[in-house]
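Okay, so here's the structure we're looking at.
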Amino acid sequence: MQQQLAASVFEASYDGIMLTDAANRVLKVNPSFTRITGYTPEDVAGHISTLFRHKTEAGPHLPADAQSPDHWQGECVIRRRNNTECHLLLSVSVIRDQQASVQHHVLILTDISHIKQHEAELRQRALYDSLTGIPNRQLFSELLERALAAATRNGTMVAVCYLDLDGFKQINDTLGHAAGDKLLVEVAGRMALLLRSSDAVARLGGDEFALMITGLHHALECSDILERMLSAINAPFNPGSHQVRVSASIGVAVYPEDSREGESLLCYADKAMYDAKKQGKSRYVFFEPALHSEDQARHRLYAELLDALINDEFVLHYQPKIDLFSRSMTGLEALLRWQHPERGLLTPVEFLPAVLDSDIEFELGQWVIRCLLQQMTEWSEVGHDYHASFNVSAGQLLHPEFCHNLEYLLARYAGVQPGRLELEFQENAVQNDLPKLSAVLEHCRRLGLKISLDNFGAEHASLISLKSLPVDILKIDRSFITDLLTNPADACMVEGVVQLATALQMLVVAEGMEVPELGKRLQQLGCHYVQGYGISHPMPASAINDWLVEWNRNRPFQ
């Protein structure tokens, strides 16, 4: 009965079973063995079993001897009869007699090929980009660490490159994400073709890629590959029905010159890539330590700015605007200052670069508006209904919460009439999303605010952009005012801006009137409104009343 039961188990087992003698000659196999391996009982009967030696590491020593363990289990890879690979979990048991002599070997085969396939799929997903099929950031980091170790042994250098496509967003927005994806796949393919087997390319996300160029003896040795990389990417693409072009900006950091750590090298290459963008795009730039020092200083300054906002170290100073013809004050411009606990009073030129395009930009801009409205409320309570302007950066103006927060603050300080407020934005905002910018400015104008375009002439705002934007006031950049008395070209420019503003029904304010003599010349050119050190330096709110009394008493330039 027990023999029949054992025979039934042998025949019905889902795992493959092989029974061999002491010399490892095959005596019997079950049906599952044939299903798994493809070999029939006739194929293996009487033969020495060598099936499990293929790719078996630290496997059992067969045939077993007196020193062999009675049980062993491990993974191995065999070749099926059809020559395909099969991953097995192999269990080997040694059967001995009463004298401990080996009588038989029992081998149990569990097919784990599907598990290994699933593991391979998971690894593919974890280490390779799903769109392009090239390595992702995680695998690139692993490959880079191996390459750095090899470079250390061989005394060679490794170039780590950070690549960002120029103009990809416009293609993605105009032709759609499907076309954008096709372009990314093609870019990855072109780059992969240019690299050697020891090099690597990875997609970090979006339109950003990383390159690793190994075996260098000098940093400039990678220049040839990078030039060919730029040319390949500059060639036309056909992701859809339209032919398009993109370029690439590449930053390069070199091991061991710039760093001995992979993450630092990639970080430095990223910084160099942004420098390539600033230099005009479609180029590669090597990392310079000075960039790192500047970046560290900017991070330290940013941390200080966060503390300054928490500790209420910012203040507003105010600079008067004057009507040259009536000599009356027409308003004040609110100017941000930082009362630094150690360095004293700082102007925006000393800290604003660390603010722009950062998380603090919007919050600090809202603080300016809130502080100004609070001050105007206090002035109104004592009978001073001054008009005032505030500056808004491009990032703040195009922030999705800007209009909502402005409405909230106007409602909170309802005693301040919106018509007494003037919003000043600079020309660099015009280079951004013009339709969105126009919509935001129109919204502000509907709330009752006046709109002023600051530093007009300093940037490259087109007349078409100016015509399409809701602007009430043009502020001529100080660069056209300071040499007005000696430079006829500046006089022509100012006169032209005044005539342009008149045609567009806008007011004109001349910034940078640093000496009183400029006032008469600006009057001759038709400019009514001015501000600058020739009238007053920016001052605290507490000093305005006394200044205004003195101004009205003397009426300068009469």
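The values are calculated or read from the model by the stated rules, or taken from the named source; none is laboratory data. The shown structure was predicted, so the numbers you read here are calculated from the model rather than taken from an experiment. Every residue, glycine among them, receives a Cβ derived from its backbone with ideal geometry; neighbour counts consider all protein chains shown. Note: areas computed on protein heavy atoms with side chains; ligands, DNA, RNA excluded. Shrake-Rupley method; radii C 1.70, N 1.55, O 1.52, S 1.80 Å.
So which residues in the range 91-123 are of a type in the set (A, V, I, L, M, F, W, C) and over 49 Å from the mean Cα position of the chain (by Cα), if there are any at all? Passing the criteria: VAL92, VAL94, ILE95, ALA100, VAL102, VAL106, LEU107, ILE108, LEU109.
Kindly establish whether ALA126 is among the aliphatic types (A, V, I, L, M), within 26 Å of the chain's Cα centre (by Cα), at pLDDT below 90 and exposed (fewer than 11 other Cβ atoms within 10 Å of the Cβ). Yes: the conditions hold for ALA126.
Is it the case, given these coordinates, that ALA276 is under 30 Å from ASN154 (Cβ atoms) and surrounded by 14 or more Cβ atoms within 10 Å (Cβ to Cβ)? Spelling it out, ALA276 is indeed under 30 Å from ASN154 (Cβ atoms) and surrounded by 14 or more Cβ atoms within 10 Å (Cβ to Cβ). Could you go through the range 273-296 and let me know if any residue there is over 22 Å from the mean Cα position of the chain (by Cα) and either in a helix (DSSP H, G or I) or within 30 Å of LEU332 (Cβ to Cβ) (or both). No: zero hits.
Does the range 6-22 contain any residue that is touching a strand residue (DSSP E or B) at 6+ places or on another chain (Cβ under 7 Å), in a loop (DSSP other than H, G, I, E, B), loosely packed, with under 15 Cβ neighbours inside 10 Å and at pLDDT below 90? So far as the range 6-22 goes, no, none of its residues is touching a strand residue (DSSP E or B) at 6+ places or on another chain (Cβ under 7 Å), in a loop (DSSP other than H, G, I, E, B), loosely packed, with under 15 Cβ neighbours inside 10 Å and at pLDDT below 90. For the range 145-182, residues that are more than 25 Å from the chain's Cα centre (by Cα) and open to solvent by less than 20 Å² (accessible area, probe 1.4 Å) total 3. Between THR482, THR502, the distinction of being among the hydroxyl-bearing types (Ser, Thr, Tyr) and buried (at least 17 other Cβ atoms within 10 Å of the Cβ) belongs to THR482 only.
If the condition is being basic (Lys, Arg) and either open to solvent by 30 Å² or more (accessible area, probe 1.4 Å) or without any contact (Cβ under 8 Å) to a residue 12 or more places away in the chain (or both), then the range 288-328 contributes ARG298, ARG300. Does any residue of the range 393-409 turn out to be open to solvent by less than 60 Å² (accessible area, probe 1.4 Å), modelled with pLDDT of 95 or more and outside any helix (DSSP H, G or I)? Within the range 393-409 (the criterion being open to solvent by less than 60 Å² (accessible area, probe 1.4 Å), modelled with pLDDT of 95 or more and outside any helix (DSSP H, G or I)), the answer is no, since none of the residues qualifies. The residues of the range 39-83 that are part of a loop (DSSP other than H, G, I, E, B), in contact with a helix residue (DSSP H, G or I) (Cβ under 9 Å, 6 or more places away or on another chain) and either modelled with pLDDT of 75 or more or on the phi > 0 side of the Ramachandran plot (or both), listed by number, are TYR39, THR40, LEU62, ARG80, ARG81.
Screening LYS28 on (1) assigned to a helix (DSSP H, G or I); (2) touching a Pro at 6+ places or on another chain (Cβ under 9 Å); (3) modelled with pLDDT of 90 or more; (4) among the charged types (D, E, K, R) shows it passes everything except condition (1). Among the conditions (1) touching an Asp or Glu at 6+ places or on another chain (Cβ under 8 Å); (2) surrounded by 13 or more Cβ atoms within 10 Å (Cβ to Cβ); (3) closer than 15 Å to GLU427 by Cα; (4) at pLDDT below 90, the only one that ASP490 does not satisfy is (3). Among the residues of the range 93-110, those identified as open to solvent by 50 Å² or more (accessible area, probe 1.4 Å) and either at pLDDT 90 or above or not in a loop (DSSP other than H, G, I, E, B) (or both) are ILE95, ARG96, GLN103, HIS104, ILE108. Evaluate the range 395-407: report whether one residue or more is closer than 30 Å to HIS528 by Cβ, more than 25 Å from the chain's Cα centre (by Cα) and of a type in the set (S, T, N, Q). No.
To keep it simple, each residue is scored yes or no on (1) over 32 Å from the mean Cα position of the chain (by Cα); (2) at pLDDT 85 or above; (3) within 21 Å of VAL530 (Cβ to Cβ).
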{"residue": "LYS450", "(1), (2), (3)": "yes, yes, yes"}
{"residue": "LEU453", "(1), (2), (3)": "no, yes, yes"}
{"residue": "LEU463", "(1), (2), (3)": "yes, no, no"}
{"residue": "VAL471", "(1), (2), (3)": "yes, yes, yes"}
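Filtered by the rule that a residue be modelled with pLDDT under 90 and either surrounded by fewer than 17 Cβ atoms within 10 Å (Cβ to Cβ) or in contact with a Cys (Cβ under 7 Å, 6 or more places away or on another chain) (or both), the range 220-244 gives LEU220, ASN238, GLY240, SER241, HIS242, GLN243.
Candidates in the range 329-371 are the residues that are surrounded by 14 or more Cβ atoms within 10 Å (Cβ to Cβ) and hydroxyl-bearing (Ser, Thr, Tyr); of these, the one that is farthest from ARG300 (Cα to Cα) is THR330. Only one of these conditions is not met by TYR268: (1) under 30 Å from GLU142 (Cα atoms); (2) in a helix (DSSP H, G or I); (3) modelled with pLDDT of 95 or more. Which number is it? Just one mismatch for TYR268, condition (3).
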